[in-house]
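Worksheet: one structure, shown below.
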Amino acid sequence: MIVKDIIKPTVVCTAVALACVYALSHVQKITGPEIIKRIKEKQDTALNLVLPGFTIGEKRETTIDGKEFIYWEAEKKEGIAATRAYAFLAKSPGYAGDVDSMVGVDEKGTILGISIISQTETPGLGARCVEVAGQETLWDILKGRTPHTGTGEQVPFFQEQFKGLTLNSKINILKLGDWTSDKRESLLEKNGISALTGATITTTAVVRGVESGMMRLNRALEESAKEQPGGAR
């Protein structure tokens, strides 16, 4: 009886486990393509945000320091001249998980824009890195009016402040409260951003991810140049 009492629940547990594994494998097969599709849609949207007006080339994948690195080359024609720019995926561990960003830079290493495409930071704190600043004032609320915000897609205030910074030197993290447009010039002079209040870890994660991503981009471009005939891109 003791042996039967042990064998029966063991067999049942094994059967349940096998059934769960089988079910999960089929769920993954069904949802896998949709997940990949949504990731690509997010990347495409982010690319257009960080490289506005540029014609973006094919995705390029390489390995830098044993890690996968993905980037794009882009070009914008202005008369007979052409401006080259790049976009790359950046990743860095935040407070609750990795923070993934798309970063656009010009040939001189100036940031054209960043777009945080994935994060699991704390709501109300680190998650404010993707928060769009409200346009309503107290007077608007009292009057029941909706302010005009334009037709373009709004960029979260935290991400907006990266535009114009150079990645040829360290990005300084300052504590000046939430970023507003009137702080732009003074922060650009310091090549800095204002940290999210109560979320220094998240702020640092984004900055370090962007900086390390730029170093990898430079490495990738150097390796690509070596592979070209005559060593020129």
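The values are calculated or read from the model by the stated rules, or taken from the named source; none is laboratory data. Source: prediction; values computed, not measured. A quick note on method: Cβ atoms are made from the backbone with ideal geometry, for glycine too, and the neighbour counts reach across all protein chains shown.
Looking at segment 94-108, I want the residues that are touching a residue at least 40 places away in the same chain (Cβ under 8 Å) and aliphatic (A, V, I, L, M) and have a partner that is in a loop (DSSP other than H, G, I, E, B) and surrounded by 15 or more Cβ atoms within 10 Å (Cβ to Cβ) with Cβ atoms under 6 Å, at least 6 apart or on another chain. Which pairs are those?
If the second residue must be in a loop (DSSP other than H, G, I, E, B) and surrounded by 15 or more Cβ atoms within 10 Å (Cβ to Cβ), the pairs left are Val99/Gln119.
Can you go through Gln161, Gln154 and tell me which one is in contact with a helix residue (DSSP H, G or I) (Cβ under 8 Å, 6 or more places away or on another chain) and under 16 Å from Gly113 (Cβ atoms)? If you could, list the steps in order and put the result at the bottom.
Details: Gln154 fails: in contact with a helix residue (DSSP H, G or I) (Cβ under 8 Å, 6 or more places away or on another chain).
Selected residue: Gln161, the only one of Gln161, Gln154 that is in contact with a helix residue (DSSP H, G or I) (Cβ under 8 Å, 6 or more places away or on another chain) and under 16 Å from Gly113 (Cβ atoms).
Are any of the residues in segment 174-192 at pLDDT 95 or above, small (Gly, Ala, Ser) and within 24 Å of Val132 (Cβ to Cβ)?
yes
If you scan segment 213-223, which residues turn out to be within 13 Å of Ile70 (Cα to Cα) and touching a residue at least 12 places away in the same chain (Cβ under 8 Å)?
Residues of segment 213-223 that are within 13 Å of Ile70 (Cα to Cα), as a first pass: 213-221.
If the condition is that a residue be within 13 Å of Ile70 (Cα to Cα) and touching a residue at least 12 places away in the same chain (Cβ under 8 Å), then Gly213, Met214, Arg216, Leu217, Arg219, Ala220, Leu221 are the ones that fit.
Condition (residue is touching a Lys or Arg at 6+ places or on another chain (Cβ under 8 Å) and at pLDDT 90 or above) applied to segment 29-52: is it met by at least one residue?
The answer is no; no qualifying residue exists.
Sort out which residues of segment 165-224 are polar (S, T, N, Q) and part of a loop (DSSP other than H, G, I, E, B), and write them in order of number.
Correct list: Asn168, Ser169, Thr180, Asn191, Thr197.
Kindly indicate the residue of segment 95-121 that is within 12 Å of the chain's Cα centre (by Cα) and among the charged types (D, E, K, R) and also farthest from Lys76 (Cα to Cα) among those meeting that condition.
Filtering first and then ranking leaves Asp98.
Would you confirm whether or not segment 15-27 contains a residue that is modelled with pLDDT of 70 or more and among the aromatic types (Phe, Trp, Tyr)?
Looking through segment 15-27, none of the residues is modelled with pLDDT of 70 or more and among the aromatic types (Phe, Trp, Tyr).
Give the residue that is modelled with the highest pLDDT, with candidates limited to residues of segment 145-173 that are over 18 Å from Thr45 (Cβ atoms) and of a type in the set (Lys, Arg).
Per the stated criteria, the residue is Lys170.
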